[in-house]
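The values are calculated or read from the model by the stated rules, or taken from the named source; none is laboratory data. In this text the structure is predicted, and so the values were computed from the model without any measurement. Note that we place each Cβ from the backbone using ideal geometry, even for glycine, and neighbour counts take in every protein chain shown. These accessible areas exclude ligands, DNA and RNA; they are computed on the full protein's heavy atoms, side chains included. Shrake-Rupley method; radii C 1.70, N 1.55, O 1.52, S 1.80 Å.
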Amino acid sequence: LKLLPSIIWRQRAKKKYRLMPENCDKFILLSPHFYAPYANFAQVPVANNWDFMPNALSFDEYLPIEKLKQKKKEVLIIARLDETSKRLSMALKIWHEIEKDKELSDWQLNIVGGGKDAGYYKSLCQKMKLSRCHLLGRQPEILTYYESASIFMMTSAYEGFGITLTEAQQMGVVPIAFNSYESLQDIITHKESGVIVPNNDIKSYIKELSELMKNDSYRIRLAQNGLESCKQFSKEKITERWIRLLEETRLKE
C-alpha cells in the first residue's frame, strides 16, 4: 500500500512521457545520452523527430588563461541547499577527510547558495567540527567566487545538465562530480577537462579531489582544457543550433 502512490504516479507519468514525442514536430532533450533512459521509461522507440539542445554558457567572457596561476587554494560549491537533489552531506563527509590531511591545511571550502536544508548543513559542519568549510548563503554576485576558486565540487543525485559545471570551466575552475546523470559526459571528459567519480564512491572522490589539490600542473592542465572544451556550449553555437533546428522544422511543414 505504501508503494501504491508511487506506482500510480509512474503509470500516469509514463502516459504523459509517451504522448509528448508523439505530438510534436521536434522533441528536444538536453543531451543525446537521455534518449535511451527516456525511451526506456516511456516505453517508446527513439524516433526521427528526436533531437537534443544543450544549455548555453552563462557568462559572456572566459577567464584569461594567464590568470589560472593566480587562483587561490579554494574549493567551491554553488548549489541549492536541498539534500534530496544536491546531497551536500556527501560533500561535507568528503571535506571532513580532506581536513585531516596536513598537506591540504591551507585549502578552504566555500559553499554558496540557500535553501531549505541550510540549517541541516550548518549543524553537520558543527558536528564534524569543520574549521575550513564556509556556508556563505545566497550571494548576489557569484562570478567573483568562480574567478577565485581552483576546484568545483558537485555531489548531485541527478541533474538535467549541470550549468554550474560549465560556469566553472568557463572561469578556469576544474569540476569534479559523481557520475550520477547521463549528460555529465557531455560536459566533462575524465581527467582531461575535469574529473568524473563513480556514483556514491566517496573514497574515490576523496582520492581524486586530493590529487587535484596537491598536483598544481595537473590541475592547471585540466583547467586549460576546460576553458577550451566549454566553448562548444557558447551562446553563438547554441543559437546557431536553434536556428538550424527551427529552419528544419519549418521546411517540413
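Pull out all pairs, ordered by first then second residue, where Cβ-Cβ is under 7 Å, the residues are six or more apart or on different chains, the first lies in the range 224-253 and is under 25 Å from Cys24 (Cβ atoms), and the second is among the charged types (D, E, K, R) and open to solvent by 80 Å² or more (accessible area, probe 1.4 Å). Correct list of pairs: Thr249/Asp25; Lys252/Asp25. Residues considered: Ile151, Ile163. Of these, the only one that is crowded, with 21+ Cβ neighbours inside 10 Å and either hydroxyl-bearing (Ser, Thr, Tyr) or within 15 Å of the chain's Cα centre (by Cα) (or both) is Ile151. Residues in the range 203-241 that are open to solvent by 20 Å² or more (accessible area, probe 1.4 Å), closer than 25 Å to Tyr158 by Cα and touching a helix residue (DSSP H, G or I) at 6+ places or on another chain (Cβ under 6 Å): Ile206 alone. Restricted to the range 215-242, and to residues that are more than 16 Å from the chain's Cα centre (by Cα) and of a type in the set (Phe, Trp, Tyr), which residue is nearest to Lys69 (Cα to Cα)? Once the filter is applied, the top-ranked residue is Tyr218.
Take the conditions of a type in the set (Gly, Ala, Ser) and either crowded, with 20+ Cβ neighbours inside 10 Å or in contact (Cβ under 8 Å) with a residue 40 or more places away in the chain (or both) and apply them to Ser123. Does it pass? So Ser123 fails the test.
Scanning the range 95-120 for residues that are in contact (Cβ under 8 Å) with a residue 60 or more places away in the chain and of a type outside the set (Asp, Glu), which turns out surrounded by the fewest Cβ atoms within 10 Å (Cβ to Cβ)? Across the range 95-120, the extreme among qualifying residues is Leu104.
Is it the case that some residue within the range 172-179 is within 24 Å of Pro37 (Cβ to Cβ) and polar (S, T, N, Q)? The answer is yes; a qualifying residue exists.
Selection of the range 63-81 for residues being over 13 Å from Thr164 (Cα atoms), touching a residue at least 40 places away in the same chain (Cβ under 8 Å) and not acidic (Asp, Glu) yields Leu63, Ile65, Lys67, Leu68, Lys69, Lys71, Lys72, Lys73, Val75, Leu81.
Could you look through the range 1-29, keep only residues that are touching a strand residue (DSSP E or B) at 6+ places or on another chain (Cβ under 9 Å) and open to solvent by less than 50 Å² (accessible area, probe 1.4 Å), and pick out the one that is nearest to Lys231 (Cα to Cα)? By that ranking, first place goes to Leu29.
Applying the criterion of being over 30 Å from Tyr145 (Cα atoms), open to solvent by less than 40 Å² (accessible area, probe 1.4 Å) and not β-branched (Val, Ile, Thr) to the residues of the range 42-62, the residue that is nearest to the chain's Cα centre (by Cα) is Asp51. Among the residues of the range 166-197, those identified as under 22 Å from Asp60 (Cα atoms) and more than 10 Å from the chain's Cα centre (by Cα) are Gln169, Gln170, Met171, Gly172, Val173, Val174, Asp186, Ser193, Gly194. Applying the set (1) over 17 Å from Ser31 (Cβ atoms); (2) free of Cβ contacts under 8 Å to residues at least 60 places away in the same chain to Lys214 leaves exactly one unmet item: (2).
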